[in-house]
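Just below is one structure, and these are the notes that go with it.
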Amino acid sequence: MIPGRFEYHRPKSLPEAVALLAKLGEDARPLAGGHSLIPMMKLRMATPEHLVDLAGIADLKGIRHEGGRIVIGAMTTQAELIASADLSAALPILKETALLIADPQVRYVGTLGGNVANGDPGNDMPAVMMALDATYQLAGEKGAREVAAREFYQGAYFTALEPGEMLAAISIPVPPAGHGAAYEKLKRKIGDYATAAAAVVLTKADGRIATCAIALTNVGDTPLLAEEAAHILTGTSADAASLARAIAAAEAITEPATDGRGTAAYRTKMAGIMLERALARALARAAG
Amino acid sequence: MAKVHVSMTVNGDAVEGLVEPRTLLIHFIRENLLLTGAHIGCDTSHCGACTVDLDGKSVKSCTLFAVQAEGASITTIEGMAAPDGTLHALQEGFRMMHGLQCGFCTPGMILRAHRLLLENPDPSEEEIRFGIAGNMCRCTGYQNIVKAIQYAAAKINGVPFQEAAE
Ligand SMILES: Cc1cc2nc3c(=O)[nH]c(=O)nc-3n(C[C@H](O)[C@H](O)[C@H](O)COP(=O)(O)OP(=O)(O)OC[C@H]3O[C@@H](n4cnc5c(N)ncnc54)[C@H](O)[C@@H]3O)c2cc1C
Ligand code: FES
Ligand code: FES
């Protein structure tokens with residue numbers, strides 16, 4: 001399978017990329033690792049006339065601390081996330097999640113930016129970014145702006161990105177030391193998207209859940225922030241009754257499709273099970 | 001649409017060509033360079049038969065455009081044996097341990113295992129299986145592929161190869 005014809009552009013700087021995207025408009029798409037885009041182009045599910053390859057832009061790479069936040073360049077690959085000792089210490093959930101994505105070859109090339117900007121509800125990083133309350137730094141012809149991950153996803157392959165706009169970096173508030181986080185994903189095999197998956201980030205104080213955020217992958221048109229479930233758990237000692245109520249509340253917001261991964265009812269149930277497991281691990285990992 | 005000039009290093013040789021931007025790296029390697037060791041298995045980024053080493057990464061060359069490899073240094077199976085024909089430890093391992101049957105997956109397996117051993121010279125069986133999880137084999141059941149990689153690791157590390165009890 002060979003993708004349709006397109007013209008290839010390789011800007012060397014972010015302003016150059018933004019100018020190109022603005023000029024070329026809807027006919028152009030950024031190219032990151034290409035590991036979502038090229039398969040879609042082979043199938044003619046995407047037929048861009050121009051590809052703007054972001055690989056030559058050094059500013060889009062790397063992981064840095066900025067105050068209490070970690071800022072990750074959009075072109076940082078999943079393999080680079082896994083290899084970063086610094087990141088593993090501050091935000092272990094990113095490595096845990098990256099290792100559940102695809103296979104080694106895909107992780108060497110696939111980028112965090114592409115994963116979160118793609119808008120495919122099957123991508124794993126968006127729910128994690130919602131649970132962490134990350135912010136996406138966007139660059140466009142009209143300047144830079146920030147959009148919360150929790151506001152970014154509007155429908156399948158439909159995001160807050162305006163035409164001509166691109167993602168430059170992902171900024172994540174570092175959760176306090178002693179926080180507990182976990183990502184649990186059910187898949188049929190390595191390299192499969194989630195049947196259902198759940199991200200949990202929480203803190204404890206005096207044996208009770210002090211703060212809690214929960215998000216779900218691939219059980220709706222977008223990743224889902226399970227606010228009610230998190231609210232139910234906050235202030236509790238994570239007793240069995242509260243956990244059961246929270247899991248039921250999370251299951252209630254899912255709207256999965258029936259597909260090769262199972263029926264809608266099964267996938268909703270699996271979202272609940274993944275949440276149960278993620279909560280158990282996050283609670284075990286949290287201090288306090 | 002205008003063709004684009006690409007140049008890269010493949011198995012130590014500087015190569016160049018004119019390609020359409022949509023030309024996939026696997027097609028450039030097989031059809032322009034006539035290096036047919038890397039195979040097209042699935043064409044959908046799943047099987048790993050097209051795996052080559054690119055700037056220190058194992059990549060599926062069916063899911064990259066040749067233009068993305070501009071300036072890159074690539075190794076394919078043709079570049080694994082020594083110039084005098086002496087097999088690489090991995091090639092020897094696949095031969096000695098019967099790590100292949102039809103051989104279709106083998107070039108991709110060897111290139112992936114090559115990068116795995118460079119990053120982790122003494123992997124456990126579990127690490128080997130996780131490390132080659134992007135490469136499918138429809139013949140062997142993987143058992144002998146794992147042994148072949150263990151054989152190569154032992155040889156590269158200069159220690160005797162001990163086949164694990166079944
Ligand atoms: C076999 C296989 C299995 C996979 N399994 C999983 C999985 O289990 N979980 C998972 O999450 N992913 C999975 N993926 C997808 C993989 O993680 C992709 O690499 C990732 O989704 C996209 O990253 P990319 O860098 O390849 O982006 P690309 O494919 O280059 O881009 C994806 C989309 O995002 C846009 N885009 C990219 N970067 C930017 C930017 N900076 N600003 C604005 N728009 C941008 C592109 O225009 C395109 O529309 C799998 C892929 C393969 C091939
Ligand atoms: S041919 Fe490239 S992954 Fe199968
Ligand atoms: S030996 Fe036949 S596919 Fe692996």
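The values are calculated or read from the model by the stated rules, or taken from the named source; none is laboratory data. Model, not experiment: these values are computed from the prediction. Backbone-built Cβ (ideal geometry, glycine too); neighbour counts: all protein chains shown. We work out accessible area using only protein heavy atoms, side chains counted, and drop any ligands, DNA or RNA first. Shrake-Rupley method; radii C 1.70, N 1.55, O 1.52, S 1.80 Å.
A few notes on this one:
- For region A:159-250, a simple Cβ point-charge model (Lys and Arg +1, Asp and Glu -1, everything else neutral) yields a dipole of about 420 debye relative to the Cα centre.
- Proximal charge balance of residue A:167 [Cβ under 13 Å; K/R count +1, D/E count -1]: -2
- Relative contact order of chain A, taken over Cα pairs closer than 8 Å and 6 or more residues apart, is 16 percent.
- Positive dipole terminus of region B:89-157, leading residue within B:149, B:121, B:91 (C-beta point charges): B:91
- Working ranking of peptides B:152-158, B:60-66, A:119-125 by packing, defined as the average number of other Cβ atoms within 10 Å per residue, highest first, is B:60-66, A:119-125, B:152-158.
- Relative contact order (%) - region A:7-51, alpha-carbon pairs under 8 angstrom, separation at least six: 50 percent
- Helix A:264-285 axis, angle to chain A major axis (alpha carbon atoms, nearest 10°): 70 degrees
- Helix A:240-252 and the long axis of chain A differ in direction by around 30°, with both axes built from C-alpha atoms.
- Under 19 Å of direct C-alpha separation, and excluding same-chain neighbours fewer than eight residues apart, residue A:185 reaches these lysines: A:95, A:269.
- Accessible area, probe 1.4 Å, largest first, for residues B:18, A:51: B:18, A:51
- Estimated distance in nm for a label pair at residue B:129 and residue B:42, the labels positioned 7 Å out from Cα along Cα-to-Cβ: 1.9 nm
- Helix-only mean residue ellipticity at 222 nm for chain A, each DSSP H run of n ≥ 4 adding -39500 (n - 2.57), per residue, nearest 500: -9500 deg cm²/dmol
- Packing rank of A:66-77, A:216-227, where each peptide gets the mean count of other beta carbons within 10 Å, highest leading: A:216-227, A:66-77
- Take every pair of alpha-carbon atoms less than 8 Å apart whose residues are at least six positions apart; their mean separation over the length of chain B yields a relative contact order of 22 percent.
- Contour minus Cα-Cα distance for residue A:13 and residue A:26 (0.36 nm per residue): 2.6 nm
- Computed from Cα atoms, the angle from the helix B:106-119 axis to the main principal axis of chain B rounds to 80 degrees.
- Positive-end residue, chain A charge dipole about Cα centroid, Cβ charges, pick of A:207, A:166, A:234: A:207
- For region A:7-51, a crude dipole built from +1 on the beta carbon of Lys and Arg and -1 on the beta carbon of Asp and Glu, taken about the Cα centre, is about 160 debye to the nearest 20.
- Peptide A:104-116 has a mean of 5 when you count, residue by residue, the C-beta atoms of other protein chains within 10 Å of its C-beta.
- Within 10 Å of each Cβ in A:222-234, the average number of Cβ atoms from other chains: 0
- Ranked order, A:208, B:22, A:245, B:95 - accessible area, probe 1.4 Å, largest first: B:95, A:245, A:208, B:22
- Ranked order, A:152, B:161 - accessible area, probe 1.4 Å, largest first: B:161, A:152
- Counting, for every residue in B:44-56, the Cβ atoms of other protein chains within 10 Å of its Cβ and taking the mean gives 3.
- The solvent-accessible area of residue B:137, taken with every protein chain present and a 1.4 Å probe, is close to 10 Å².
- Residue B:88 sits with roughly 40 Å² accessible to a 1.4 Å probe, with DNA, RNA and ligands left out of the calculation.
- Taking a straight Cα-Cα cut-off under 14 Å and skipping sequence neighbours fewer than 8 places away in the same chain, the aspartates and glutamates within cross-link reach of residue A:204 are A:239.
- Charge dipole magnitude, Cβ of K and R +1, D and E -1 - chain A, Cα centre, debye nearest 20: 680 debye
- Among the trypsin sites (Lys or Arg not before Pro) found in region A:114-166, those both in a DSSP coil and sparsely packed, with 11 or fewer other Cβ atoms within 10 Å of their Cβ, are A:142.
- The solvent-accessible area of residue B:163, taken with every protein chain present and a 1.4 Å probe, is close to 100 Å².
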